[in-house]
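Written out below as structure tokens is the structure these notes cover.
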Amino acid sequence: MNTIVIRTNSENKDFVNLVKQLDAYLKITDGEEHDFYNQFNNIDVLQHVVVLFENDVAVGCGAIKKFDNASMEIKRMFVKGDKRGKGYAQKIIEELEVWSKELEYKRCVLETGKRQKEAVRFYHKCNYNVIPNYGQYIGMENSVCFEKQL
């Protein structure tokens, strides 16, 4: 398999299409809470986006945005269902971490849903540590927040 990860922004059409698939997946897993979470996932504010291609077809994506003066927040991590288990998410998150370091940030934070068991396992595997829920996720039973020092 020929894979490549590119850096782009939220106007990238492949990224927009992948996010549509991610949102359809999250609408199912988030259930009644989807509208709450969805309000924090506007992609027009994302200027640091990566898209992973397998044989010239976009199969995964992720993004970072400034969280505070020392941290970037990882957003919109997604790999198509039939492409999971190939290490693609690992390549995406590693690129986001490298980019964060290049921008002189010291850590990455993120939120995912407890119902996304694959995602929770993945972040643990990538050496992210659970932290208290932050910002809009405080008090949200389905949310679990993570951080990793870079």
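For the chain, the extents of the C-alpha atoms along the principal axes are 42, 36, 29 Å, listed from largest to smallest. Set against the 2.2 N^0.38 Å expectation for a compact globular protein, the stretch 63-150 has a Cα radius of gyration ratio of 1.05. Cross-link reach is defined here as a Cα-Cα straight distance under 17 Å, omitting same-chain residues fewer than 8 places apart; for Lys65 the lysines meeting it are Lys75, Lys101, Lys106, Lys148.
Since only Thr8, Asn55, Met77 are under comparison, the one whose Cα sits farthest along the positive direction of the charge dipole of the stretch 1-105, derived from C-beta charges on Lys, Arg, Asp and Glu, is Asn55.
With runs of 4+ DSSP H residues as the only contributors, calculate the mean residue ellipticity of the chain at 222 nm using -39,500 (n - 2.57) per run, divided by the residue total and rounded to the nearest 500.
Estimated from H runs of four or more residues: -9500 deg cm²/dmol.
Across the chain, the mean sequence separation of Cα contacts (distance under 8 Å, 6 or more residues apart), normalised by length, yields a relative contact order of 20 percent.
Order of 36-42, 58-64 by packing, highest average Cβ count within 10 Å first?
Highest to lowest by the protection proxy: 58-64, 36-42.
Tell me, how many Å apart are the Cα centres for the stretch 9-68 and for the stretch 99-118? Centre-to-centre (Cα) distance: 14 Å.
Here, each number is a calculation from the coordinates, and none is a lab measurement. Everything quoted here is computed from the prediction, not taken from an experiment. Virtual Cβ from ideal backbone geometry, glycine too; neighbours counted across all protein chains shown.
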